[in-house]
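I have placed the structure first, in the form of structure tokens, so that the comments after it can refer back to it.
The values are calculated or read from the model by the stated rules, or taken from the named source; none is laboratory data. The model shown is predicted, which means the values in this text are computed figures rather than measured ones. Note: ideal-geometry Cβ built from the backbone for every residue, glycine included; neighbour counts use all protein chains shown. For the accessible areas, the whole protein counts, side chains as well, though only heavy atoms, and no ligand, DNA or RNA atoms are used. Shrake-Rupley method; radii C 1.70, N 1.55, O 1.52, S 1.80 Å.
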Amino acid sequence: MAPTPREEAFADSLIGRRVPKLDAPDKASGRTRYLHDINVPGQLHAKILRSTEVHARIVSIDVEAARRVPGVHAVITAADVPWQRPIGITKDHMPLKADVVRSRRDEIAAVAADTVEAAEEALRLIRVAYEPLPILTNSAQALGPGAPLLHGEDLRVPGRNGALEVVHKACSDNVSMAYEYGHGDVTQGERESAVVVEDVFWLHYVTHCCMGVSGVIAEFDASGNLLLYSNTQVPFLHKREFAELLGIDPGRIRIIQPPIGGGFGSKLDIYPFEPIAIFLAKMTRRPVKLLFTREEEFIASPTRQPVLLKLRSGCDREGRLTFRAVDTIHDNGAYTSWGATTPFVMMQTISSLYRVPHCHYRTRAVYTNNPYAGSFRGYGNLQATFAVEAHMDKLADALGMDALEFRLLNAQDPGESTPQGMHFRSCGFKECLGTAAERSDYEAKRRGNLEHWNDGNPIKRGIGMASMLHVGGGAKMYPSDGCGTIIKLDDFAKVTLITGASEIGQGSETVLALLVCEELGLPIDSVTVVNNDTAITPWDVGVHASRTTFIGGNSAIGAARKAKRKILETAAPKAGRTPDDLDLRGGHIVLKATGERIQEIGRFLRSLHFSEKAELVMTTYYYEPPSVHLDRNYKGDVSAAYAWATQVAEVEVDTDTGIVRLLKITAAHDVGRVLNRLGIEGQIEGGIVMGQGYALSEDLLVEDGMIRNPNFRDYKLVTAPEIPEMDVSFIETMDGEGPQGAKGVGEAPAICIAAAVANAIYNATGTRIYALPFTPEKVYRALRGANMPPKWPEDAA
Amino acid sequence: MSALIEIEFRLNGISRRVTVPLQMSALEMLRDMMGQHGTKYGCGEGECGACTISVDHRTVNSCLKFAVDCNGRDIQTIEGLAATPFGENLNRAMVEHGAVQCGFCTPGIMMQAQQVLTDNPDASPAQIQRGLEGNLCRCTGYRKILDAIEAVAHPSPAGD
């Protein structure tokens with residue numbers, strides 16, 4: 001049967017289609033200009049001298065020889081910038097260190113020169129004398145008696161009036177940040193338990209490994225306005241922070257974000273190299289470009305938060321969870337960045353992944369002389385989920401209950417609220433569990449594998465399941481969690497979409513363009529996206545918390561609907577119709593009921609523009625999600641929607657060598673709705689493989705505060721031949737607040753891989769390993785009972 | 001200042017003459033002296049493949065090759081590949097299969113994909129996977145990259 005005109009007119013919906021990324025053709029032909037490829041006329045090249053000591057007092061710094069190197073314009077130390085102010089979320093970190101270095105990455109001096117070579121030569125000539133201090137590189141020992149205090153004195157800097165002010169108070173116990181959350185009564189929960197399990201888990205150091213190294217270009221104009229070319233994921237927050245740092249008005253700072261070589265959360269904080277480049281630009285009155293080497297990227301970038309975690313949980317005879325109690329020690333490293341705030345996310349998983357009637361959660365983030373931890377895709381959730389899902393298997397096994405049935409019994413339904421205050425308006429948790437189990441034949445394989453534990457074959461198969469809960473509709477951590485959009489249509493129905501939402505490779509500009517085109521009935525190639533210049537784009541809180549599709553998407557839709565409304569309201573009287581009779585489809589104003597074409601949109605826009613009314617179609621919209629801030633007890637509905645996923649891992653374990661091969665991941669994700677199928681598949685596949693690296697191979701080796709493997713030879717990223725077969729299902733729960741029903745998905749796929757792999761290794765071998773990653777050496781030793789399981793320090797209380 | 005030496009080679013089909021320091025890498029020469037920014041610095045030690053170029057029709061990590069060793073050679077970079085029919089075809093496949101996210105590894109992967117399919121136009125999925133072993137990608141999980149290259153090797157009859 002031939003489609004009716006209406007069917008034909010409305011068949012061009014872009015939702016759920018495979019829409020290629022708008023920026024991909026340029027990227028694949030080498031045309032895209034990343035920060036690394038930008039050279040500003042007159043620019044100098046900057047390099048940073050870092051500490052060779054892990055913890056030491058700086059006795060002296062001699063830069064005289066360095067200053068004499070031809071081509072060197074400036075050599076600076078803390079003494080040259082007495083007005084510098086601290087960075088980081090607790091303001092405990094001076095960009096250039098004056099008296100004490102607290103980690104191997106610490107910045108002591110910096111050079112700006114005509115060439116990188118001259119800057120490097122100057123660095124080699126700087127002489128620093130140190131007086132070693134006792135080092136603290138074990139987070140468990142940081143809480144013990146007699147531990148050296150790393151920030152034991154007030155940090156004072158000159159204030160605006162020149163007088164010294166305390167910007168970071170002395171820390172008398174090495175605890176940088178502490179969190180405590182509870183609901184119900186865990187003692188009662190324990191009394192009601194038929195089974196109780198307790199374990200200690202160690203979640204290791206990994207780092208982002210963005211393929212493009214960190215960098216910045218800083219330039220002041222003649223009036224003292226600062227222009228930064230930056231890879232930041234949060235340009236509007238940084239604009240304000242840099243202003244504070246420099247004591248200038250935020251309006252005098254403009255941040256341009258060239259295309260970025262990977263983000264993954266690494267660019268949420270300000271790091272010392274950025275203010276240092278600004279200092280050099282200010283002093284030399286020249287544009288200054290600073291790029292890391294790969295080794296520097298490993299040494300001086302943030303890590304994922306390493307966590308020692310003790311989990312105690314229980315369930316009753318019927319298999320209902322009774323309580324969870326968690327205590328963690330977060331290795332903060334030498335300074336405080338976002339890693340210390342991962343408890344915000346971890347406690348959500350502890351309190352609300354499955355129904356937990358009684359819960360207690362405590363974290364202390366402690367200072368050590370190790371690298372400091374930042375934010376990284378998943379934000380604490382990989383660590384929390386690793387422990388929780390190990391216990392879901394252990395509790396089910398202890399009861400003799402099927403592990404899937406046990407999970408389904410405790411999983412939430414749509415409409416439920418958790419004791420922490422999260423309201424699951426859409427919730428596909430049970431569908432995720434059921435779909436992933438069915439598509440992987442989880443139950444039959446899990447039972448079958450047990451029969452091979454003692455069959456003499458050294459090659460074992462295992463299957464393991466894990467689920468996750470994560471914010472999917474932003475996270476109200478700042479005063480606003482919103483995003484602004486400006487839309488303009490030109491005389492030829494070409495759209496300029498100006499959005500605060502940053503593109504970091506994840507495909508936001510394509511999905512936002514798609515949502516706008518869906519409203520305006522225009523083809524995807526009619527959109528130009530402007531998204532990388534704070535002087536042009538409206539405010540957005542930044543790319544984090546899997547929020548861009550949801551928040552930026554709702555904002556884009558809001559602006560597009562206003563544009564559509566204006567077109568329809570203006571067109572309706574001429575067509576002798578009401579605006580509600582009309583729609584925009586296939587580049588035309590059409591009759592909604594029949595799809596009959598009334599006028600081409602471009603022609604209509606010209607007639608509007610060049611008429612007596614002389615109007616253009618330009619709209620603005622600011623979307624603020626209907627979420628709330630957490631209260632002082634960490635309770636509240638912090639996200640406008642929540643994302644769910646279940647992933648099933650199948651592994652092969654060679655018990656003779658300890659080698660674990662990841663064969664297959666069966667993933668089911670509650671994504672609300674698929675907007676760009678190509679983009680969402682890419683996010684999920686990429687996240688799965690990042691999770692695979694976390695589980696099996698990636699391990700930033702930090703010994704006595706030194707990083708032992710700052711290169712891709714010894715830090716093992718997953719390579720193309722190692723990826724598993726991936727079977728991804730989308731559970732479309734059509735979230736009521738989501739853009740076209742969609743929820744955020746960026747972080748979700750990386751979160752439960754390690755947990756699922758741990759359960760799979762247990763299913764293959766009967767051995768549970770409590771520390772990551774599952775390298776051959778660790779697995780080999782564990783299978784022979786030679787692994788020291790992680791221990792909770794007795795004196796940490 | 002180290003010694004300078006004049007070299008001559010073909011870059012994407014055009015004869016070029018340039019004076020380079022002895023210790024300069026081919027990567028630095030291409031990026032800093034010849035404006036070929038499509039070739040990326042990822043690690044500087046031959047581990048990531050972002051700087052892959054073709055020298056006399058063999059891919060190498062340009063970060064590990066001295067610029068002076070380009071003398072008399074036939075060099076192709078992503079800019080050259082992108083301008084060939086094969087490069088356009090590969091570009092289209094990478095775009096349509098969603099093989100590009102941040103895109104920083106993509107030029108190197110394009111160069112290596114050309115090598116794999118030139119060596120073996122009928123390469124199997126496993127051979128393509130093995131051929132891409134030296135190119136790291138942090139975004140995509142490789143699946144869509146492999147799909148794109150497989151589609152170039154074995155175009156489906158429907159031409160989708």
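Could you list all residues from the stretch A:676-726 that are open to solvent by 10 Å² or more (accessible area, probe 1.4 Å), in contact with a Pro (Cβ under 8 Å, 6 or more places away or on another chain) and assigned to a loop (DSSP other than H, G, I, E, B)?
A:699
If I ask for residues that are open to solvent by 30 Å² or more (accessible area, probe 1.4 Å), outside any helix (DSSP H, G or I) and either facing chain A (nearest Cβ under 8 Å) or farther than 22 Å from residue A:295 by Cα (or both), which ones from the stretch B:16-35 would you list?
The answer is B:16, B:17, B:19, B:22, B:35.
Which is over 19 Å from residue A:115 (Cα atoms) and either at pLDDT 95 or above or of a type in the set (Ser, Thr, Tyr) (or both), of A:48, A:38, A:61, A:76?
Values: A:48 fails: over 19 Å from residue A:115 (Cα atoms); A:38 fails: over 19 Å from residue A:115 (Cα atoms); A:76 fails: over 19 Å from residue A:115 (Cα atoms).
After applying the criteria, what remains is A:61.
Any residue in the stretch A:369-386 that is in contact (Cβ under 8 Å) with a residue 12 or more places away in the chain and more than 21 Å from the chain's Cα centre (by Cα)? Before you say what the answer is, go through the steps one by one.
So in the stretch A:369-386, the residues in contact (Cβ under 8 Å) with a residue 12 or more places away in the chain come out as A:369-386.
Checking which are more than 21 Å from the chain's Cα centre (by Cα) leaves us with A:369-370.
Checking the stretch A:369-386: at least one residue is in contact (Cβ under 8 Å) with a residue 12 or more places away in the chain and more than 21 Å from the chain's Cα centre (by Cα).
Checking the conditions here, which among A:135, A:76, A:126 is under 27 Å from residue A:266 (Cα atoms), of a type outside the set (Lys, Arg) and in contact with a strand residue (DSSP E or B) (Cβ under 6 Å, 6 or more places away or on another chain)? Give the derivation first.
Values: A:135 fails: in contact with a strand residue (DSSP E or B) (Cβ under 6 Å, 6 or more places away or on another chain); A:126 fails: under 27 Å from residue A:266 (Cα atoms).
Answer to the selection: A:76.
Only one residue in A:747, A:777 is acidic (Asp, Glu), under 26 Å from the mean Cα position of the chain (by Cα) and assigned by TED's automatic domain parsing to the domain that holds residue A:404, so which one is that?
Exactly one residue qualifies, and that residue is A:747.
Considering only residues of the stretch A:222-241 that are open to solvent by 10 Å² or more (accessible area, probe 1.4 Å) and aliphatic (A, V, I, L, M), which is modelled with the highest pLDDT?
Selected residue: A:227.
Hey, can you tell me all the residues within the stretch A:87-101 that are in a loop (DSSP other than H, G, I, E, B) and within 19 Å of residue A:57 (Cβ to Cβ)? Full working, then the answer.
Within the stretch A:87-101, the first condition is being in a loop (DSSP other than H, G, I, E, B), and the residues that meet it are A:88-92, A:94-99.
Passing the criteria: A:92, A:94, A:95, A:96, A:97, A:98, A:99.
Is it the case that residue A:96 is over 28 Å from residue A:370 (Cβ atoms) and open to solvent by less than 30 Å² (accessible area, probe 1.4 Å)? Write out each step before concluding.
Details: over 28 Å from residue A:370 (Cβ atoms): no; open to solvent by less than 30 Å² (accessible area, probe 1.4 Å): yes.
The answer is no for residue A:96.
Can you confirm whether the stretch A:386-403 contains a residue that is over 26 Å from residue A:447 (Cα atoms) and open to solvent by 10 Å² or more (accessible area, probe 1.4 Å)? Please lay out each step first, then the result.
First pass over the stretch A:386-403, keeping only residues over 26 Å from residue A:447 (Cα atoms): none.
The answer is no; no qualifying residue exists.
Picking from A:244, A:192, A:219, which residue would you name as being away from chain B (no Cβ under 14 Å), in contact with a Ser or Thr (Cβ under 7 Å, 6 or more places away or on another chain) and open to solvent by 10 Å² or more (accessible area, probe 1.4 Å)? Reasoning before the result, please.
Working: A:244 fails: in contact with a Ser or Thr (Cβ under 7 Å, 6 or more places away or on another chain); A:219 fails: in contact with a Ser or Thr (Cβ under 7 Å, 6 or more places away or on another chain).
Testing whether each residue is away from chain B (no Cβ under 14 Å), in contact with a Ser or Thr (Cβ under 7 Å, 6 or more places away or on another chain) and open to solvent by 10 Å² or more (accessible area, probe 1.4 Å) leaves just A:192.
Quick one: residue A:775 ticks every box in (1) open to solvent by less than 20 Å² (accessible area, probe 1.4 Å); (2) away from every other protein chain (no Cβ under 14 Å); (3) within 24 Å of residue B:47 (Cβ to Cβ) except a single one, so which number is it?
(1) is the only condition that residue A:775 fails.
Take the residues in the stretch A:248-293 that are under 21 Å from the mean Cα position of the chain (by Cα) and in a helix (DSSP H, G or I); name whichever of them is nearest to the other protein chains (Cβ to nearest Cβ).
Top of the filtered list is A:273.
Would you mind finding the one in A:762, A:770 that is more than 27 Å from the chain's Cα centre (by Cα), among the aromatic types (Phe, Trp, Tyr) and open to solvent by 30 Å² or more (accessible area, probe 1.4 Å)? Break it down into steps so the answer makes sense when it comes.
Values: A:770 fails: more than 27 Å from the chain's Cα centre (by Cα).
Criteria check complete, one pass: A:762.
When only residues in the stretch A:35-68 that are crowded, with 20+ Cβ neighbours inside 10 Å and assigned to a loop (DSSP other than H, G, I, E, B) count, which is farthest from the other protein chains (Cβ to nearest Cβ)?
Checking each candidate, the answer is A:55.
Within the stretch A:175-188, does at least one residue satisfy the condition of being of a type in the set (A, V, I, L, M, F, W, C), modelled with pLDDT of 95 or more and more than 25 Å from residue A:86 (Cβ to Cβ)?
Going through the stretch A:175-188, the residues of a type in the set (A, V, I, L, M, F, W, C) turn out to be A:175, A:177-178, A:186.
Now restrict to residues that are modelled with pLDDT of 95 or more: A:175, A:177-178, A:186.
Imposing the further condition that a residue be more than 25 Å from residue A:86 (Cβ to Cβ) reduces the set to A:186.
So far as the stretch A:175-188 goes, yes, one or more of its residues are of a type in the set (A, V, I, L, M, F, W, C), modelled with pLDDT of 95 or more and more than 25 Å from residue A:86 (Cβ to Cβ).
Please pick out the residue among A:439, A:407 that is open to solvent by 50 Å² or more (accessible area, probe 1.4 Å), on the phi < 0 side of the Ramachandran plot and either free of Cβ contacts under 8 Å to residues at least 12 places away in the same chain or outside the structural domain of residue A:547 (by TED's automatic domain parsing) (or both).
Details: A:407 fails: open to solvent by 50 Å² or more (accessible area, probe 1.4 Å).
Testing whether each residue is open to solvent by 50 Å² or more (accessible area, probe 1.4 Å), on the phi < 0 side of the Ramachandran plot and either free of Cβ contacts under 8 Å to residues at least 12 places away in the same chain or outside the structural domain of residue A:547 (by TED's automatic domain parsing) (or both) leaves just A:439.
What's the number of the only condition in (1) under 21 Å from the mean Cα position of the chain (by Cα); (2) over 30 Å from residue A:748 (Cα atoms) that residue A:499 fails to meet?
Evaluating residue A:499 over (1) under 21 Å from the mean Cα position of the chain (by Cα); (2) over 30 Å from residue A:748 (Cα atoms) leaves (2) as the failure.
Inside the stretch A:711-721, can you point out the residues that are more than 9 Å from chain B (Cβ to nearest Cβ) and out of contact with any helix residue (DSSP H, G or I) (no Cβ under 6 Å at 6 or more places or on another chain)?
So the first thing to find is which residues in the stretch A:711-721 are more than 9 Å from chain B (Cβ to nearest Cβ), and the list is A:714-716.
The answer is A:714, A:715.
Out of the residues in the stretch A:647-675 meeting the condition of being among the charged types (D, E, K, R) and open to solvent by 10 Å² or more (accessible area, probe 1.4 Å), tell me which one is farthest from the other protein chains (Cβ to nearest Cβ).
If we filter the stretch A:647-675 for residues that are among the charged types (D, E, K, R), which is where we start, we get A:650, A:652, A:654, A:656, A:661, A:664, A:670, A:673.
Restricting the remaining residues to those that are open to solvent by 10 Å² or more (accessible area, probe 1.4 Å) gives A:650, A:652, A:654, A:656, A:661, A:664, A:673.
Numbers: A:650: 16, A:652: 17, A:654: 20, A:656: 24, A:661: 14, A:664: 12, A:673: 18 Å.
The residue in question is A:656.
Sort out which residues of the stretch A:485-531 are within 14 Å of another protein chain (Cβ to nearest Cβ) and in contact with a helix residue (DSSP H, G or I) (Cβ under 8 Å, 6 or more places away or on another chain), and write them in order of number. Can you show your working first?
Initial filter on the stretch A:485-531 (within 14 Å of another protein chain (Cβ to nearest Cβ)): A:502-511, A:514, A:524-525.
Within the stretch A:485-531, A:502, A:503, A:506, A:507, A:508, A:510, A:511, A:514, A:524 meet the criteria.
Given A:322, A:368, A:363, which one is surrounded by fewer than 24 Cβ atoms within 10 Å (Cβ to Cβ) and touching a strand residue (DSSP E or B) at 6+ places or on another chain (Cβ under 8 Å)? Lay out the reasoning, then the answer.
Details: A:368 fails: surrounded by fewer than 24 Cβ atoms within 10 Å (Cβ to Cβ); A:363 fails: surrounded by fewer than 24 Cβ atoms within 10 Å (Cβ to Cβ).
Every option except A:322 fails the conditions.
Any residue that is in contact with a helix residue (DSSP H, G or I) (Cβ under 9 Å, 6 or more places away or on another chain) and at the interface with chain A (Cβ under 10 Å from one of its Cβ atoms) - is there at least one of those in the stretch B:69-77? Break it down into steps so the answer makes sense when it comes.
The first filter runs over the stretch B:69-77 and keeps only residues in contact with a helix residue (DSSP H, G or I) (Cβ under 9 Å, 6 or more places away or on another chain), leaving B:69-70, B:75-77.
Checking which are at the interface with chain A (Cβ under 10 Å from one of its Cβ atoms) leaves us with B:77.
The answer is yes, given that some residue of the stretch B:69-77 is in contact with a helix residue (DSSP H, G or I) (Cβ under 9 Å, 6 or more places away or on another chain) and at the interface with chain A (Cβ under 10 Å from one of its Cβ atoms).
With respect to residue A:31, is the statement that it is surrounded by fewer than 18 Cβ atoms within 10 Å (Cβ to Cβ), under 30 Å from residue A:729 (Cβ atoms) and at pLDDT 95 or above true?
Values: surrounded by fewer than 18 Cβ atoms within 10 Å (Cβ to Cβ): yes; under 30 Å from residue A:729 (Cβ atoms): no; at pLDDT 95 or above: yes.
The answer is no for residue A:31.
Look through the stretch A:505-527, keep the residues that are modelled with pLDDT of 95 or more and assigned to a loop (DSSP other than H, G, I, E, B), and return whichever of them is surrounded by the fewest Cβ atoms within 10 Å (Cβ to Cβ).
A:523
Answer yes or no: is there a residue in the stretch A:462-478 that is over 30 Å from residue A:634 (Cα atoms) and either at pLDDT below 95 or among the polar types (S, T, N, Q) (or both). Break it down into steps so the answer makes sense when it comes.
So in the stretch A:462-478, the residues over 30 Å from residue A:634 (Cα atoms) come out as A:462-464.
Next cut, either at pLDDT below 95 or among the polar types (S, T, N, Q) (or both) only: none.
For the stretch A:462-478, residues over 30 Å from residue A:634 (Cα atoms) and either at pLDDT below 95 or among the polar types (S, T, N, Q) (or both): absent.
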